[in-house]
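Each reported figure results from applying straightforward, stated rules to the coordinates on display, with no laboratory input. Please read all numbers here as calculations on a predicted model, not as lab measurements. Glycine also receives a Cβ, built like all others from the backbone with ideal geometry; neighbour counts cover every protein chain displayed.
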Amino acid sequence: MSKPVLSLIQSDLPEKWQQILSDLISEPKELLDILGLDGTDKPASLAAIDSFPMKIPRPFAMRMERGNWHDPLLLQVWPAREEETSIPDLVTDPLQESRFNPVPGLLHKYHGRVLLTAVPHCAIHCRYCFRRHFDYAANTPGKPGWQAALDYIRADGSIEEIILSGGDPLAASDKYLDWLLAELEAIPHVDSIRFHTRLPVVVPQRITPSLRRILQRDRLRTSIVVHCNHAHELDNEVGRALSTLAADGHTLLNQSVLLRNINDNPASLLALSRRLFSCHVLPYYLHLPDRVAGTSHFLVCEEEGCRLIAELEDLLPGYLVPRLVREEPGAAHKTRIL
Ligand SMILES: *Cc1c(COP(=O)(O)O)cnc(C)c1O
Ligand code: SF4
């Protein structure tokens, strides 16, 4: 008799992934203590945190190597002093995305697909992020505000694929995602949904039975593009979460950013491709970093990128070699470099 009552109470409690997202590491000192590092060696920039706060989920920090300032996961999230370096041609909106933003929350740059900035926040703050200066407040309308974007999609029969991005679309609640997916599924010419998300990698606990049910749609094909830059991000728990999504029938792809001192060497990229494949994920894009203010210390030049891809081609089957791309404002697609 008491069972239904108990399950009612339990369903009101935040789930594990929600607890993780409400307890992110946001202070450099706390991360340094966990990693046994001395902050005087490489001080955090308060100005950097001020403009783009530190946010690190604990499961991600647990994959960092203790005592190692060069850890490739740490370098992705550490608010380094170099962020204060200003270089004249680094700008806040390098892709001129505001030009392709016909209604709030929707970017229409490429034929046949639109991108919705479905959620205003991420589970992690990656210091190289090209959207770090994006005005999310103005571009995540919330339920009532989505009508303009839905009307825009309904009115353009050429739009077949909807890309849910962010922020991170899987940072949304199950209820909100289910609502948005149902609205999109009701538009006859939309036949596929793509998620661009870092959550399955940084907080694999997000892949719950309830989310898995919501991602199973009657009519829509679904693909999930995760975002992972280094093999160390993919521990066993992440591997299990990704394999579950693959078993549910979603197409899994990965996009990475080529980052100075993090993955700009053949061994790291090789290990990443192999590890992705063992998690049922194929490499898709390797982005040259966009020229965003505050990220100059991550930049890798085009020639270096080409050299690395050529080395990968010598060592891997073609399907494990990502496409090296850069985004150019106004181009009809991402620009393939190699
Ligand atoms: C990257 C991107 C896409 C997706 O491009 P694909 O080549 O299909 O992966 C779509 N819309 C916008 C605005 C993008 O930035
Ligand atoms: S998860 Fe993606 S959008 Fe969010 S901070 Fe990282 S790179 Fe930027």
**Meets criteria (in a loop (DSSP other than H, G, I, E, B), of a type in the set (D, E, K, R), surrounded by fewer than 18 Cβ atoms within 10 Å (Cβ to Cβ) and away from ligand 2 (no atom under 14 Å from the Cβ)) for ARG66** = yes
**Message:** Being touching a Lys or Arg at 6+ places or on another chain (Cβ under 6 Å) and either without any contact (Cβ under 8 Å) to a residue 60 or more places away in the chain or crowded, with 19+ Cβ neighbours inside 10 Å (or both) narrows it down to one residue among LEU259, LEU234, LEU253; which is it?
**Reply:** LEU234
**Message:** So SER158 passes all but one of these: (1) hydroxyl-bearing (Ser, Thr, Tyr); (2) in contact with a Pro (Cβ under 9 Å, 6 or more places away or on another chain); (3) within 15 Å of ligand 1 (Cβ to nearest atom); (4) over 24 Å from PRO14 (Cα atoms). Which condition number does it fail?
**Reply:** (2)
**Prompt:** Can you name the condition, by its number, that GLU311 falls short on among (1) under 19 Å from the mean Cα position of the chain (by Cα); (2) charged (D, E, K, R); (3) not in a loop (DSSP other than H, G, I, E, B)?
**Reply:** (1)
**Asked** Does region 135-151 contain any residue that is touching a helix residue (DSSP H, G or I) at 6+ places or on another chain (Cβ under 8 Å) and within 12 Å of ligand 1 (Cβ to nearest atom)?
**Response** no
**Message:** Could you go through region 47-64 and let me know if any residue there is touching a His at 6+ places or on another chain (Cβ under 7 Å) and more than 22 Å from TYR136 (Cα to Cα).
**Reply:** yes
**Request:** From LEU259, LEU276, LEU220, grab the single residue that is away from ligand 2 (no atom under 16 Å from the Cβ), within 17 Å of the chain's Cα centre (by Cα) and not basic (Lys, Arg).
**Result:** LEU276
**Prompt:** Can you name the residue in region 98-131 that is charged (D, E, K, R) and either away from ligand 1 (no atom under 14 Å from the Cβ) or in contact (Cβ under 8 Å) with a residue 40 or more places away in the chain (or both) and, of all such residues, is surrounded by the most Cβ atoms within 10 Å (Cβ to Cβ)?
**Reply:** ARG127
**Request:** Kindly establish whether VAL190 is within 14 Å of ligand 2 (Cβ to nearest atom) and surrounded by 15 or more Cβ atoms within 10 Å (Cβ to Cβ).
**Result:** no
**Asked** For residues in region 233-275 being within 16 Å of ligand 1 (Cβ to nearest atom) and not in a strand (DSSP E or B), which is nearest to VAL203 (Cα to Cα)?
**Response** HIS250
**Message:** Just the residues that are in a strand (DSSP E or B) and buried (at least 22 other Cβ atoms within 10 Å of the Cβ), please, taken from region 195-216.
**Reply:** PHE195, THR197
**Message:** Give me the residue from region 177-187 that is assigned to a helix (DSSP H, G or I) and in contact with a Leu (Cβ under 8 Å, 6 or more places away or on another chain) and, out of that set, surrounded by the most Cβ atoms within 10 Å (Cβ to Cβ).
**Reply:** LEU180
**Complete:** LEU115: passes all of (1) more than 20 Å from VAL281 (Cβ to Cβ); (2) part of a loop (DSSP other than H, G, I, E, B); (3) within 16 Å of the chain's Cα centre (by Cα); (4) not acidic (Asp, Glu) but (2)
